[in-house]
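Peer 1: Please see the structure below; I have some questions.
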Amino acid sequence: MKAVRYHEYGSADVLRYEEVERPEPGPGEVRVRMAACGVNHFDVDLRAGISRWPLPLPHQLGVEFAGEVDAVGPGVEHLAVGDRVWPQHEVECGQCRHCRAGRPNLCDDAKMFSVQYLGGYAEYVVAPAHATHKLPDGLSYEAAAAGQVVFTTAWHMLINRGRLEPGQTVVVQAAGSGIGHAAVQIAALAGAHVIATAGAGHKLDRARELGADETINYNEESITERVLDMTDGEGADLFIEHVGGDLFMDSLKALRKDGALVTCGGHAGETPPIDIIELFRNEYRVIGSRIGTPAEMQLTMRLMGEGKLTPAIHAAIPLAEAPEAHRIIERREQTGKVVLVP
Ligand SMILES: [Zn+2]
């Protein structure tokens with residue numbers, strides 16, 4: 001079969017489209033004929049060798065993918081050849097203290113595609129059957145491969161960590177990003193009053209189409225002033241923040257007393273020091289958030305199947321042209337997910 005692998009760290013040019021042995025499913029495993037695989041910035045970092053994960057080389061990337069079951073290993077009963085499926089991008093151990101406590105996304109021994117498992121950049125991929133689920137009818141492979149990570153991450157931030165309730169005001173920072181795009185849709189679905197921020201007019205127009213009630217262009221207006229203005233000086237109940245830097249601080253300044261800021265990690269330079277006294281005085285909750293739980297992955301996939309959540313797809317690119325897919329992401333050209341197709 002054909003797969004894209006890299007034998008050394010480096011630029012997008014190290015990705016090689018090559019002939020490799022087709023994997024066989026072992027006990028409790030299925031083999032999936034890949035139909036679409038999302039490309040994440042995480043892949044680019046792994047390939048460049050700047051992630052914290054030491055990986056044996058050669059390596060095969062691909063966190064989230066979907067396809068058709070092509071072979072079934074011994075002991076698998078709930079899946080059959082021909083089923084349209086999506087494997088969970090991260091698989092919990094089911095036995096550690098966090099798994100037992102119902103917090104599987106904090107699993108001490110989780111395994112992830114693109115890291116511990118060979119990922120979806122291949123014609124065939126083996127996956128654990130218990131963490132592989134049937135695709136909802138009517139949901140395309142491309143949509144499943146594009147939406148799994150962003151929607152489960154955004155759902156976990158808003159609903160699980162942020163405890164968003166109908167009628168609350170939530171500010172989604174950087175709404176033009178993948179997470180932001182997903183968060184606006186989920187917040188609107190949850191019945192919140194949604195304020196979206198972005199640095200360009202067309203991104204704000206798109207956020208309104210997805211359900212944002214109000215928008216702020218942070219290159220032209222002060223987020224703090226505008227949010228306070230929109231909330232009669234009270235501040236917002238919840239901020240969804242994943243960029244860091246100034247956006248993080250601006251969020252805190254426009255947070256209601258006892259409000260929450262949920263972040264899944266910032267990438268835009270250094271976060272300025274927080275005024276910790278102010279933080280305590282207002283009983284702000286600054287909350288970290290990881291990926292979603294398996295239950296949240298299944299729920300958001302079902303909502304995608306019902307047409308209530310729609311992932312943005314920038315382009316579907318043949319597997320053989322994976323280097324170009326990485327270059328698109330490195331140049332930050334994409335306006336949605338780049339997916340690889342066989
Ligand atoms: Zn575990």
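The values are calculated or read from the model by the stated rules, or taken from the named source; none is laboratory data. These figures come from a predicted structure and were not determined experimentally. Counting neighbours? That spans all protein chains shown, and the Cβs are built from the backbone with ideal geometry, glycine included. To get the accessible areas, we keep the full protein, side chains included, count just its heavy atoms, and leave off ligands, DNA and RNA. Shrake-Rupley method; radii C 1.70, N 1.55, O 1.52, S 1.80 Å.
Peer 1: Could you order ARG290, ARG97 by accessible surface area, starting with the largest, using a probe radius of 1.4 Å?
Peer 2: ARG97, ARG290
Peer 1: Same structure, new question: Suppose the chain between ASN217 and ILE50 were pulled fully straight at 0.36 nm per residue; how much longer would it get relative to their current alpha carbon spacing?
Peer 2: Stretched out fully, the ASN217 to ILE50 stretch lengthens by 56.9 nm.
Peer 1: Related question: Which residue, chosen from ALA260, ILE195, ILE179, occupies the Cα position most advanced towards the positive end of the dipole of segment 147-270, where the dipole is computed from +1 (Lys, Arg) and -1 (Asp, Glu) charges on Cβ about the Cα centre?
Peer 2: ILE179
Peer 1: Compute the relative contact order of the chain as a whole-number percentage, counting only Cα pairs closer than 8 Å that sit 6 or more residues apart in sequence.
Peer 2: 18
Peer 1: So how much accessible area does THR224 have, in Å² to the nearest 10, using a 1.4 Å probe?
Peer 2: 20
Peer 1: Taking θ = phi - 60°, what integer Hz values does the Karplus form 6.51 cos²θ - 1.76 cosθ + 1.60 yield along segment 41-48, in sequence order, with x for Gly and Pro?
Peer 2: So the Karplus estimates, Gly and Pro as x, are 4, 3, 4, 4, 5, 4, 4, 6 Hz.
Peer 1: Here's another thing I want to ask about it. Compare ALA146, ALA196, ALA12 in a GNM of the chain, Cα atoms joined below 10 Å, and give the one with the largest fluctuation.
Peer 2: Judging by the Gaussian network model, the answer is ALA12.
Peer 1: Considering only lysines 8 or more places apart in sequence, or on different chains, count the pairs in the chain whose C-alpha atoms sit under 27 Å apart.
Peer 2: For the chain, the number of qualifying lysine pairs is 11.
Peer 1: Name the residue farthest towards the positive end of the dipole of segment 151-288 from the options GLY211, ILE276, THR231, assuming +1 on Cβ of Lys and Arg, -1 on Cβ of Asp and Glu, about the Cα centre.
Peer 2: Positive-end residue among those listed: GLY211.
Peer 1: To continue, here is another question. Report, in debye and to the nearest 20, how large the dipole of segment 119-226 comes out about its Cα centre when Lys and Arg carry +1 and Asp and Glu carry -1 on their Cβ. Working shown, then result.
Peer 2: Working: 7 positive and 11 negative charges, 61 e Å.
Around 300 debye, computed over segment 119-226.
Peer 1: Can you work out the accessible area per residue across the chain, with the rest of the protein chains kept in place, probe 1.4 Å, in square angstrom?
Peer 2: Ligands and nucleic acids excluded, the result is 44 Å² per residue.
Peer 1: Right, something else. Less than 9 Å Cβ to Cβ from VAL85, Lys/Arg counted +1 and Asp/Glu -1: what total charge do the surrounding residues give? Walk me through the numbers before you get to the answer.
Peer 2: Numbers: positive: ARG84, LYS134; negative: GLU68, ASP83.
Value of the local net charge: 0.
Peer 1: Quick one: how many Å² of ILE50 are accessible to a 1.4 Å probe, rounded to 10?
Peer 2: 120
Peer 1: Can you give me the solvent accessible area of THR231 with a 1.4 Å probe, rounded to the nearest 10 Å²?
Peer 2: Rounded to the nearest 10, that gives 20 Å².
Peer 1: Taking only DSSP H segments of four or more residues, each worth -39500 (n - 2.57), what value at 222 nm results for the chain once the sum is divided by all its residues, to the nearest 500 deg cm²/dmol?
Peer 2: -7500 deg cm²/dmol
Peer 1: Per-residue counts of other Cβ atoms within 10 Å, averaged by peptide: what ranking do you get for 104-116, 154-166, 75-87, highest first?
Peer 2: 154-166, 104-116, 75-87
Peer 1: Could you work out what % of the accessible surface of segment 151-288 is carbon and sulfur, using a 1.4 angstrom probe and leaving DNA, RNA and ligands out of the count? Walk me through the intermediate numbers first.
Peer 2: Numbers: 2840 of 6130 Å².
C and S atoms contribute 46 percent here.
Peer 1: Considering the options VAL170, GLY244, VAL150, tell which one lies farthest towards the positive end of the dipole of the chain, charges being +1 on Lys and Arg and -1 on Asp and Glu at the Cβ, about the Cα centre.
Peer 2: VAL150
Peer 1: Have a look at the DSSP beta bridges in the chain and tell me what percent are antiparallel, nearest 5. Let's see the in-between values first.
Peer 2: On the way: 28 of 54 bridges.
Percentage antiparallel, nearest 5: 50.
Peer 1: What's the local net charge at LYS337, with K and R +1, D and E -1, over the other residues with C-beta under 11 Å away?
Peer 2: Around LYS337, the charge tally is -2.
Peer 1: Follow-up question, since we're still on this one. Report, in debye and to the nearest 20, how large the dipole of segment 204-342 comes out about its Cα centre when Lys and Arg carry +1 and Asp and Glu carry -1 on their Cβ. Mind dumping the intermediate values first?
Peer 2: Details: 15 positive and 25 negative charges, 131 e Å.
Roughly 640 debye for segment 204-342.
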